[in-house]
1. Under 5 Å between amide H atoms, partner at least 5 residues away or on a different chain: which partners does B:TRP300 have, H built in plane at 1.01 Å?
2. Shielding by partners for A:136-149, please: the mean number of other protein chain Cβ atoms within 10 Å of each residue's Cβ.
3. Convert each backbone phi in region A:94-103 into a coupling constant with the Karplus relation 6.51 cos²θ - 1.76 cosθ + 1.60 (shift: θ = phi - 60°), then list the ³J(HN,Hα) values in order as whole Hz, x for Gly and Pro.
4. Would you kindly work out the equivalent ellipsoid of region B:227-384 from its C-alpha gyration tensor and give its semi-axes, the square roots of five times the eigenvalues, largest first in whole Å?
5. Evaluate the charge dipole of region B:289-402 about its Cα centre and quote only its size in Debye, nearest 20, assuming +1 on the Cβ of each Lys and Arg and -1 on the Cβ of each Asp and Glu.
6. Average partner chain C-beta neighbours within 10 Å, per residue of A:103-111?
7. Please state the shape class of region B:147-285: rounded when a/c is under 1.5, otherwise prolate if a/b exceeds b/c and oblate if not, all from the C-alpha gyration tensor.
8. Too long at a 30 Å Cα-Cα cut-off: which of A:LYS43/A:LYS162; B:LYS172/B:LYS256; B:LYS172/B:LYS494; B:LYS108/B:LYS206; A:LYS160/B:LYS183?
Amino acid sequence: MNRKLRMLMIPLQLLIAIVFMGCNEDVVYESNSDNELLEIFFKKASNDLIGGRMSFFPNRTWDADVSPLIINSDKDFHSAYYGKEQLPTIDFSQYTLIIGALYVPASNYVKKQELICNGADATLNLFLDITDQAVTANFIHELYWGIYPKLSIRSIIVKKYKNGKE
Amino acid sequence: MGKNEIYRIFLSSLMILLFLSVNAQPERRVLSREGERLFISYDNGKSYSLVNERVVTVKLRANKTIDSSLKILRTNRLGYIDLSVPEKIDVTEFVETLEKNAFFEIVKYAVFGEVCLSPNDICFISQWYLSNINLPSAWNFTTGNPNIKIAVLDQEIDWNHPDIGMGNDDYKNINSTLGYNYKEGTNQSVNPLDHGTLVAGIIGAKANNTIGIAGVTGGFGTQGVTIIPYGVGSYLGDRYVDMSVVDDAILDAVDKGVKIINMSFGSNSSYYPDIDAAIEYAHNHGVTLVAATGNDNFSWLLYPASNQYTIAVGATDQNNQRASFSNYGVGLDFVAPGVNIYGTKINNDYGSDSGTSFAVPQVSGVAALMLSVNPTLTPDNIRSVLRSTCTKLSGYSYTSGWNNEVGYGLLNAYAAVSAVDIGYNIVGKAVLCDTATYSVTDIPAGYSITWSVDNNNFSVTSNGNQCLVTYTGIPQYEIANLTASLTWNGYTVKSVSKRIVMHGTDMYLEGIQSGIYDENGNMPAVGATFTIPANQGDRSMAYRQILMNRDSIPLDTIPVIIDDPYLPYVPDNPMYGITEIYGGADIYLVGDRLDGMSISFSGEEPEYLSSDGGTVISFRMPEVSRITSKLGYYYVVLHATSEGGCHDFDLYFKVIPVAGEAIGDHEISLFFTDSSVRVDFDAMEWEDLPNGMLQPIPWYLRIIRMSNSAQMHYSVNTTDSKTVDTSSWPADIYIVHVNSSGNNYTKKFLKQ
């Protein structure tokens, strides 16, 4: 019951008010991930990707980045997901989900991401950092995801930044 | 139309068949010529080998037959066929043409010398990295000993993968019960992942089991090294390693008798005093530890690669250059391939991955091979040899052998394993005279030798590094393999065998005796009487006369023309080769059951002579035209010996210029109508006169009898054709000299 309530509270937890459908030019949106259920779900999905299971992008090229998906409906969300977990509820009438994957050393993780709108298109800046934890010395597909106000963008350009450099 | 033209037309016809899509897959290779010899090197790491330029080995596809214009030298029960390379057709041209023909499944150069183990694992071809570290050649020494244990500290491994664990072959290269899964608190693999499964497969995937890949030390249809898995994954996520249990895993591995610890992970932090202490403890207990430098292109190494007792391994790409991501710098030992590494994945799958993670198990595997052939090596020995045997990569400068980006260079499995292999041979007679003593030398301290023989008619009495072999059967020709096994700590490290032969008291060369053999290699029955066919001199037939075992050369030996210098292989023939040599061809003599061969020449010396010091000799006699001044019989005596000294074998060869064959460029026609009755000569030439008439030019005919060359046997000056009655001449070889217009021509003929 608590979970359902919390899922229903997602819109309230988001501080960005949605006043129109679209994407204002040069507006910088930061992903709102302040939701524990979504965090848990995508952490599991990220492990699946690393571990060789197939929750997202089962047909990805093994040594290349995966272009992000712009998900605006439950149907699209279900279509993108190949795992066995129950999908968290997202109010797609107000929000857009963007998920993709980077082919990076396992020591790398996406510390911060920001979406810059440019009319019908957008640029997604991903800021990588290196973990202090011990990790396997291989390359992985690092899953990134973000919840943004409802956007009507058609495509996204992804830019990676590591140590402040693109 | 000459024979060569026919062959060329045949080759052209084969080319037309290119539209057939299924071709024999050619191996990548490089051919190089040094002096008279052709060498070949393969991408898979095979060493250079001498190529027999006149023989090509093929295997036909199902329901295909070989073209009748191709000459078959020999076949075997497995369907391999040795073809003679047509005269004046280059062997490379011949091979490439056959490769493009869909009739052939396999087309290979015939090589003398070492051939590397080549496993039949179906994805072996995707394992490019094994060739880059020169591994297949190392497999000639060992493919791994199950007594050598490697601990893999990693994620959980899918040890049900049939290429690692138990499959249809009923054996596995992993012992899961000895290890421990710290994450799950069990020795079961609860959540197997790709990383650990790939690392384990690179080390010990079963080799030559027809499926998947071949591990570095995965055996060869037998059990290879023993992998002991330690699950050190973290609850933080699949990529993370729980460093708090790594020290426990290391200490447990030491207690379990592990000799190598593989750590394909790293941390940016280096403060792990507990792990430091465990690593030092393991090192002091004879355990070699190998770790990854990391993948962030840092100029420093991750931990535990940075630990002084750990071998730090970076990564290279397919071009043998440092992988762009591979960490480097102080402490880097060397590099191994780490980009696009193909291997085992979870759920019985296979796939590729990149990272220094996958360079590490190649090093661990090679270290296991080194220990398999020499289990007394210490971690410092192993590290030192691995460093010193590295291949120096181009594009990097080295100071005291070390470079900041690639350390001491690229891992070289063959060089490392061969450097530590305990080389020993059985010394003793190849041919047994009832009893013989055998010994091995240069056995390091701590090892012992166990002797055995595989034939019940031979008994062996061991005495340390020596043994006495006694033949206990009824004297007859018989073969046994005497084996000296090197043992250490209760198990066999390696074995060396020597074939020993017992001949009956009335020694007789089994399966062959002096006689005439036809071009198909058909042998007469033992003791049969042979009649040299009347058409023996006909070039359309090729007969060989074999004189063996100190046979004298019969006085009535009649020259036989040999078109093809290769005899069919006769398994029980101590020597095979040719007995009569047609100048200009390369001759290969291969001794079987012999310990050495030497060759001497009487009269004409060879243009080219090479011996491997053992049982292979190759040489080439001059072209006939260049020995015309010394026409006659030239005996090349091959003296083949056995260490036993019981019997020596002499094989005689004759260098016989071809009778009836034109020698040099000339216009003279010379007709051997019947050399036993008469010989017709026609050397007429005509001179143009100013009045348009032709005038015959005088020519001179001189004939010398070979066995009495001091005297002119016949001479005449004439302007006409000449028929000489030879019916009363003694049988011999006669040399004909003709002088016409100041030009000298020579031929010879045989009077029967």
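Bear in mind that the values in this text are calculations on the coordinates, not laboratory data. These figures come from a predicted structure and were not determined experimentally. Don't worry about glycine lacking a Cβ; one is built from the backbone with ideal geometry, like all the others, and counts go over all protein chains shown.
1. Excluding prolines and chain starts, which carry no amide H, the hits are B:TYR328.
2. Numbers: counts 21, 27, 17, 9, 6, 0, 1, 0, 0, 0, 0, 0, 0, 0.
Per residue, the average neighbour count from other chains is 6.
3. 10, 10, 10, 9, 10, 9, x, 8, 10, 8
4. 22, 18, 17
5. Its charge dipole is roughly 220 debye.
6. Counting other chains' Cβ atoms within 10 Å and averaging over A:103-111 gives 5.
7. Judged from the Cα gyration tensor, region B:147-285 comes out prolate (a/c at least 1.5, a/b above b/c).
8. On the way: A:LYS43/A:LYS162 21 Å; B:LYS172/B:LYS256 18 Å; B:LYS172/B:LYS494 21 Å; B:LYS108/B:LYS206 26 Å; A:LYS160/B:LYS183 33 Å.
Violating the 30 Å limit, Cα to Cα: A:LYS160/B:LYS183.
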